[in-house]
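One structure below.
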Amino acid sequence: MTHEGKMLAVVGLGYVGLPLAVEFGRVRPVIGYDINQERVAALQMGVDATHEVDVEELLGATHLRFAADVDDLRAASIYIVTVPTPIDAHKRPDLSPLLRASEMLGSVLSRGDIVIYESTVYPGATEDDCVPVLERVSGLKFNVDFFVGYSPERINPGDKQHRLPNICKVTSGSTEDVAETVDKLYASIITAGTYRAESIRVAEAAKVIENTQRDLNIALINELAIIFNRMGIDTDAVLRAAGTKWNFLPFRPGLVGGHCIGVDPYYLTHKAESLGYHPQVILAGRRINDGMGAYVASQFVKAMLRKSVSVSAARVLVLGLSFKENCPDLRNTRVIDVVDELREYGVSVDVCDPQVDAQEASSEYGIALVYEPSLNSYDGVLLAVAHEEFLQVGAAALRQYGRTGCSVFYDLKAVFGVDESDLRL
């Protein structure tokens, strides 16, 4: 089976899809498709709101064109789906974006086409949930008229060192021939090499355990931070000392959000529970990490009380809203947990984040961002996200947003010296 030189379409141009479309667009014809017409229009003008791709990279993808019209997809014979797979309010997998994308592709599929999914799912979702939709809408038969593959995304938003080409790519396909085709396809742009998994389900499972493992490691460090705090021991000092051993893993405490680590474990536990197994360790880690926002807020409130601040009349400035440093991504940010918990105490909270879009912050979380906070105006200042803009001005400058002599500076990320803040996680 050969698809060399055939048109490829990337469906979903977010943090995952756009870098993929750009890399493929350097070497072969690519349609970059997104349902958001404003997003497509901005990309056509060379503007990427996610900051994952710069103008030069967009211009370098000479074979890439952008589209928001479904009919444009009919020109392709390989489709790569990179839509989000979030969880709902009850922490259950929400496959609706993935299923809608599958319905749309079913309407344009032709015989011999391949649909490759990159979205995070539980093992079996590609073949058990997506394929039936493709069959129903297209009227074609799976593994006879069309085929599927799965290659889990490994994009790390905001990371300028670990980019798509230099991260090993896991690949898989619904038949041996398709698996080989999919692997060769990605090998054409991935300089770090590819790893061909034994099956689609193996590739799906590999993806969810990558982030489940990381989630559990961070949960352990978060629990240790809570214990050390009660002992009056600085967690950062402990981690630096323990880190002198060659096989100590360098995880840090903090808020665990984003589109992967705080979400993927729930896909695995959902599938496990549907099979009659009730996970214990994974969900225990999730409970710890999901509770860190409330813990941080309570620490902050206690520190203000120790400085005789009237909490119900207090004003607090939170620096950073995105889920990680040097990235505008607001998906599943757990900073909002701290903000909401502080407001439960009666605290008035302002949020400043120079990297986040104000309209998105308002629509997603109802937060009106403050871009120029007033000096000497706050009873507490919380550095929640270590954006470069905050690090450059330094701890002393950030403290000046607080009232002189009677405010609390909480360095949640422990990026400054222990003597430069009043509180650290």
Starting at the first residue of the range 78-85, write each ³J(HN,Hα) from the Karplus equation 6.51 cos²θ - 1.76 cosθ + 1.60 with θ = phi - 60°, in whole Hz, x for Gly and Pro. 10, 10, 10, 9, 10, 7, x, 10
For the chain, what does the helix formula give at 222 nm: sum of -39500 (n - 2.57) over DSSP H segments with n ≥ 4, over the residue count, nearest 500 deg cm²/dmol? -11500 deg cm²/dmol
Given N residues in the range 1-139, what is its alpha carbon radius of gyration divided by 2.2 N^0.38 Å? 1.04
Note the full-extension length gain between D54 and V238 as 0.36 nm times their separation in residues minus their Cα-Cα distance, in nm to one decimal. 62.3 nm
For V393 and A313, what does the FRET efficiency come to when R0 = 30 Å and r is the distance between their Cβ atoms, rounded to the nearest 0.05? 0.60
Is there a pair in K6/K324; K207/K413; K6/K169; K91/K413 whose C-alpha atoms are over 32 Å apart, and which pairs would that be? K6/K324
Can you compute the modelled spin-label distance between D69 and R252, with each label point 7 Å from Cα toward Cβ, in nm? 4.8 nm
Any idea which of A206, H162, N222 is furthest toward the positive side of the dipole for the chain, if Lys and Arg beta-carbons carry +1 and Asp and Glu beta-carbons -1? N222
Using alpha carbon centers only, the range 129-181 is separated from the range 42-118 by a whole-angstrom value of 12 Å
Of all accessible heavy-atom area on the chain, the percent that carbon and sulfur account for (1.4 Å): 52 percent
Let's see if you can work this out: charge +1 on each Lys and Arg Cβ, -1 on each Asp and Glu Cβ, no other charges. What is the dipole magnitude of the chain about its Cα centre, in debye to the nearest 20? 980 debye
Alpha-carbon centroids, the range 256-326 and the range 199-254: separation in whole Å: 15 Å
Cβ-Cβ cut-off under 10 Å around G25, Lys and Arg +1, Asp and Glu -1: the net charge is +1
According to the Kirkwood expression over distinct Cα-Cα pairs, how big is the hydrodynamic radius of the range 73-176, in Å? 14.6 Å
Using the Kirkwood radius over Cα pairs of the range 318-411, the Stokes-Einstein translational diffusion coefficient at 20 °C and 1.002 mPa s, in µm²/s and rounded to a whole number, is 160 µm²/s
What's the local net charge at G402, with K and R +1, D and E -1, over the other residues with C-beta under 14 Å away? -1
Normalise the Debye intensity by I(0) for the range 173-275, one equal point scatterer per Cα, no solvent, then take log10 at q = 0.16 Å⁻¹ and round to two decimals. -0.88
What number comes out for accessible area per residue over the chain if the probe is 1.4 Å? Units Å², please. 44 Å²
If you count, for each residue, the other Cβ atoms within 10 Å and average over each peptide, how do 400-412, 299-311, 23-35 line up from highest to lowest? 23-35, 400-412, 299-311
First select every other residue whose beta carbon is under 11 angstrom from the beta carbon of A294; then total the charges, Lys and Arg +1, Asp and Glu -1. -4
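The values are calculated or read from the model by the stated rules, or taken from the named source; none is laboratory data. Here the structure is a predicted model, which is why all the values come from computation and not from measurement. Glycine gets a Cβ as well: all are built from the backbone with ideal geometry, and neighbour counts include every protein chain shown. Surface areas here come from the heavy atoms of the whole protein model, side chains and all, with no ligands, DNA or RNA. Shrake-Rupley method; radii C 1.70, N 1.55, O 1.52, S 1.80 Å.
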